[in-house]
Amino acid sequence: MPELPEVQTIAAGVNARVRGDRITSVWLGSKKEPFKTPASQMQSGLGGRKILEVRRVGKHIVVDLGSQNPSGDRGKTVQAQWIVHLGMTGRLLVSSPEAEKAPHTHATVELRSGKELRFVDPRRFGRLAYYELGQNEAFKGTGDEPLTVTPTRFVDIFKGRKTPIKAALLNQKLLQGVGNIYADESLFRAGIRPRRMAGRLTHAELEKLRVALQTVLREAIALGGSSVSDYVDADGVKGFFQLEHRVYLRTGEPCLACGETIRRILIGGRGTHFCPTCQR
DNA sequence: CATTTCACCTGGTGGC
DNA sequence: TGCCACCAGGTGAAAT
């Protein structure tokens, strides 16, 4: 489910429902797979902490946590962070304890209010991590944020790159948050072929791409993201941006702009959809 | 270092 | 109905 608009939607929904709550206990399923931090360390570290805020960084959900001591967190100092990456099929759900546990539930976080945060992920590509912020820096992610990147910076990011622009858009060390759907959709709106070498795009083309990308991401956030199969937000509500897709998963269908047949190719092993007429 | 390929997983879909 | 190939929102390690 998760590219920037979906992660943004989920983080905002979870934030609205658990901000200010306190973690009472943590259950972690399979002891290894999804955990970048040892399960025992994550479990004891999370226990007792107050949830200060839930937000998005790239494709990560960042849960800012206060003190484990109930009387010691009147300040809003972030002392630890729980990082949730949803992979391809991950979900972060706010549930009531009596709600049936979905298959592939790998973590359950119980809260003082009685609610539960549940991490569900059939394909197990998602990851959980826990960091304490001593001298360590707060989690920043790996690249520039697509929604706020400036024109100059956007040009710099792709300068000299010999990789196809589609692959560069998916590289989280360059821009963080763009995935397969929004890469294809933004390239269509910018009229750029996905195989074009990133470093050979003109400044004008790159600026067109930057604006297209930001427009697509903002529209998708406004519609709650794209529900391609079973994606739902924290409240179990589907997104509607899939209805606005112009090329993604439309192989063989007519281009909505010119009628040409939408083609599908592989770039970096990812299905890539484009209109051969509209995109040059 | 930059780039490319592939393994990691489960589940849904469509052809035969 | 069953079986099989193929496809899917993403990374990160290994090879080139």
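Bear in mind these aren't lab numbers, they're just calculated from the coordinates by the rules spelled out. Small disclaimer: the values here were computed from a predicted structure and weren't measured. Note: ideal-geometry Cβ built from the backbone for every residue, glycine included; neighbour counts use all protein chains shown.
What is the diffusion coefficient of the range A:4-132 in µm²/s, taking the Kirkwood radius over Cα pairs and the Stokes-Einstein relation at 4 °C with a viscosity of 1.567 mPa s? Write out the running numbers ahead of the final one.
Values: Rh = 14.4 Å.
Approximately 90 µm²/s, per Stokes-Einstein.
For chain A, DSSP calls about 95 percent of its internal beta bridges antiparallel.
One chain, two ends: A:SER40 and A:GLU145. Fully extended at 0.36 nm per residue, the span grows by 34.6 nm beyond their Cα-Cα distance. Taken over the alpha carbons of the range A:165-222 as equal point scatterers, the Debye sum produces base-10 log I(q)/I(0) values at 0.12, 0.17, 0.20, 0.25 Å⁻¹ of -0.23, -0.47, -0.66, -1.05. Treating each Cα of chain A as one equal point scatterer and applying the Debye formula with no solvent, the log10 of I(q)/I(0) at q = 0.10, 0.12, 0.15 Å⁻¹ comes out as -0.56, -0.77, -1.09.
Modelled spin labels at A:ARG270 and A:SER96, positioned 7 Å past Cα toward Cβ, are 4.0 nm from each other. Taking the Cβ of A:GLU116 as the center, what net charge do the other residues with Cβ under 14 Å away carry, scoring Lys and Arg +1 and Asp and Glu -1? Result for the local shell: +3.
Here the range A:14-83 is assigned +1 on the Cβ of each Lys and Arg and -1 on the Cβ of each Asp and Glu. Its dipole about the Cα centre then comes out at about 140 debye.
Considering only alpha-carbon pairs that sit under 8 angstrom and 6 or more positions apart, the relative contact order computed for chain A is 18 percent. The residue among A:LEU217, A:THR37, A:GLN176 whose Cα reaches farthest toward the positive pole of the charge dipole of chain A, with charges on the beta-carbon of Lys, Arg, Asp and Glu, is A:GLN176. Placing +1 on the Cβ of every Lys and Arg and -1 on the Cβ of every Asp and Glu, with no other charges, gives the range A:151-274 a dipole of roughly 780 debye about its Cα centre.
Measure nothing fancy, just the Cα-based angle from helix A:4-18's long axis to the longest principal axis of chain A, in degrees from 0 to 90, nearest 10. It is inclined by approximately 20 degrees.
From helices alone, chain A scores -7500 deg cm²/dmol at 222 nm; the rule is -39500 (n - 2.57) for each run of n ≥ 4 DSSP H residues, then divide by the residue total.
Treating only the Cβ atoms of Lys and Arg (+1) and Asp and Glu (-1) as charged, compute the dipole magnitude of chain A about its Cα centre; round to the nearest 20 debye.
Values: 43 positive and 28 negative charges, 178 e Å.
That gives chain A a dipole magnitude of about 860 debye.
Extension gain, A:VAL211 to A:GLU33, is 60.2 nm, computed as 0.36 nm per intervening residue step minus the present C-alpha separation.
With Kirkwood's inverse mean 1/r over C-alpha pairs for Rh, give me the Rg to Rh ratio of the range A:151-274, two decimals please.
Details: Rg = 14.5 Å, Rh = 14.9 Å.
Expressed as Rg/Rh, it is 0.97.
When you count, for each residue, the other Cβ atoms within 10 Å and take the mean per peptide, how do A:210-219, A:18-27 rank with the highest first?
A:210-219, A:18-27
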